[in-house]
Amino acid sequence: MNATEVLKQYFGYDSFREGQETIINSIIAGRDSLAIMPTGAGKSICYQVPALLFSGITIVISPLISLMQDQVKALNEAGVHAAFINSSLSESQISKALEKASEGAYKIIYVAPERLESRDFVRFSQKVDISMVTVDEAHCISQWGQDFRPSYLKIIDFVKSLKKRPILSAFTATATEEVKNDIACILSLQNPNIVVTGFDRENLYYRVESIRGKDEFVIDYIEKHPNESGIIYCATRKNVDAVHEKLLKKGVPVTKYHAGMDNETRKKSQDDFIYDRAPIIVATNAFGMGIDKSNVRYVIHYNMPQSMENYYQEAGRAGRDGEPSQCILLFSAQDIIINKFLLERKDFSDIPMEDIELIQQRDLRRLQVMEGYCRTTSCLRNYILDYFGEKTSGPCDNCGNCHREYREVDMTEAAKWMINCVAETRGRYGLTIVLGTVMGANRARLKELGTVNYKSYGKLSAYSEAALRILLNQLILDGYLYQTEEQYSVLKMGDISPLKNPYTQIIVKMYEEKEKPAKQKSGKKRKTDALTGAGYDLFEKLRSLRLAIAREEALPPYIVFSDKTLIDMCVKVPQNKAEMLNVSGVGAMKFEKYGQRFLNAIVEYQLSHPGAVISIDE
Ligand code: ADP
Ligand code: ZN
């Protein structure tokens, strides 16, 4: 079998996605590889397919127990022999698993990094043929990320202890240059093929709402989107409890998750969510690492997260199946205060003294970038892509800001006064003082500092504070001004040379209140566009069949088949085995197990709805 055949046979997919093929080819050719791919891009297949082609075993190092278990379930469902070894197993279960593994029972073995230091495991590894060592969530090796795991540093010792050097492959969704270099360097990758795939998740619709009534927004959204699965992230445990309580009172099927709950309750909440018993979860950012649930239709952030990296990762848990999904951030200025407070309490006990200050500066810088996202009036998708260093072309026409009505206002004159004021402060004061000064506020603090005597004092009193904040944000984004990274950040002059040109204009977008109804992106077609009313009806029938099977097998529904696969069934309306195997996500093993029941359900539906048109394919 070749790679494409393996993909079809086990996973039921016809073709590789962007990036997958290059990575797989280089791995198969025996070259170390590092893949940086966003969540949902399909990293697992990049090592699972080669693992099936290699003669020996592939060891996958993964930091999260839940993720391993999920992956192993999914692989076994697809007919791949896989196992995991971690602290959820007893000593005797572990020795049994190792014994079976020595006999060649598994192609893929998932282990937690701590396991690499266990003597039994090392002895086992020296005995068997290991073709590849795969490092998942490889950014955990870097101290620059927020997920640093000291035990990841042991990976290379483990690799060196093996009798033959295996191929090394590493995967992460974190793209920064430092992290990338750290991974390649610390893992001693040899002439690695480094592949970075695009960060754009086209099916995600980004939206920021600066509002007061967050609870009302959340309740309203859930009521307007019944039967959909969603995650609501809050910054603190207290918020989680409060929002969860409110939703329960409204009769919403909701559960919650945060680090203050005991392990057992947490595990149960997570399972209720994954198995769709409670399709909505309110959680802190402790939740979600290793959650593979593919049918999450929305992720609402009740508070602003601490960094763009966090936001991208958390919001990215929506729509892993590629179907349209919403990522909504509810922003209020209070969020910045909460986040600064949380950063002050951050635990630095594992970090060397000399690094702490640097990391604190980075944290504040990240917070500023995040605030910029909440305040920008330009395309949100482009803001994200810019941050991750990806080229963008024009507004996306598929985000809240692109769909918002706004006025373009020439604020060149106001901008000059604002910049003037910053010059007069000689870079000593922050945003609040500068705003107060140009607005001509009557504050003791301004008198004390003497800014009331500035030329710029009161020059912009005709504008609202909100408008001036938008202008200030724009000036920072454009580089005219610059905000320092200490805790009490001050405004300094950036590069104002463009203003020497008399034709330079500073145009600011001011929102109108109304929002256009979400437009369909022209040209781009969704799978579900082909479904008729009957098509949706059938989809619901197939969903309940899937749920019944999931209960019987004690599996999460999306491991039986993803929503995307069910939709494809409704689009293609397969009538026999060959047609069913043509549906995306139906591999040979899955067909053996469940194919006939789904075929029956489809035929049954057609018999009971004679003449019904299920999908229209142009
Ligand atoms: P990641 O680990 O990068 O976040 P996953 O490996 O969990 O992403 O894959 C995300 C989803 O995409 C899964 O449901 C997976 O089955 C699906 N997928 C992966 N590769 C393909 C492909 N070539 N064609 C269709 N679907 C794919
Ligand atoms: Zn946009």
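A compact table of results
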read-out: Residue match in region 429-444 (condition: within 15 Å of ligand 2 (Cβ to nearest atom), crowded, with 16+ Cβ neighbours inside 10 Å and not small (Gly, Ala, Ser)); value: no
read-out: Residue that is farthest from Pro324 (Cα to Cα), among those in region 393-407 that are outside any loop (DSSP other than H, G, I, E, B) and within 10 Å of ligand 2 (Cβ to nearest atom); value: Arg404
read-out: Candidates Lys455, Lys492, filtered to the one that is of a type in the set (Lys, Arg) and assigned to a strand (DSSP E or B); value: Lys492
read-out: Strands (runs of 3 or more DSSP E) completely within region 1-106 that count 1 or more residues being of a type in the set (Ser, Thr, Tyr), in contact (Cβ under 8 Å) with a residue 24 or more places away in the chain and within 16 Å of ligand 1 (Cβ to nearest atom); value: 33-36, 57-61
read-out: Matching strands (runs of 3 or more DSSP E) fully within region 253-355 where at least 1 residues are assigned by TED's automatic domain parsing to the domain that holds Leu380 and free of Cβ contacts under 8 Å to residues at least 40 places away in the same chain; value: 254-257
read-out: Qualifying positions in region 582-615 - among the aromatic types (Phe, Trp, Tyr) and either within 12 Å of Cys570 (Cα to Cα) or crowded, with 20+ Cβ neighbours inside 10 Å (or both); value: Phe598, Tyr605
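Conditions tested, residue by residue: (1) surrounded by 17 or more Cβ atoms within 10 Å (Cβ to Cβ); (2) within 22 Å of Arg31 (Cβ to Cβ); (3) in the same structural domain as Ile28 (by TED's automatic domain parsing); (4) of a type in the set (A, V, I, L, M).
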{"position": "Ser92", "(1), (2), (3), (4)": "no, no, yes, no"}
{"position": "Leu116", "(1), (2), (3), (4)": "yes, no, yes, yes"}
{"position": "Gln126", "(1), (2), (3), (4)": "no, no, yes, no"}
{"position": "Lys160", "(1), (2), (3), (4)": "no, yes, yes, no"}
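Residue-by-condition table, conditions (1) under 21 Å from the mean Cα position of the chain (by Cα); (2) within 16 Å of ligand 2 (Cβ to nearest atom); (3) among the charged types (D, E, K, R):
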site	(1), (2), (3)
Phe348	no, no, no
Met353	no, no, no
Glu371	yes, no, yes
Glu390	yes, yes, yes
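The values are calculated or read from the model by the stated rules, or taken from the named source; none is laboratory data. Because the structure is predicted, anything quoted here is derived from the model rather than measured. Using ideal geometry, Cβ is built from the backbone for each residue, glycine included, and neighbour counts are taken over all protein chains shown.
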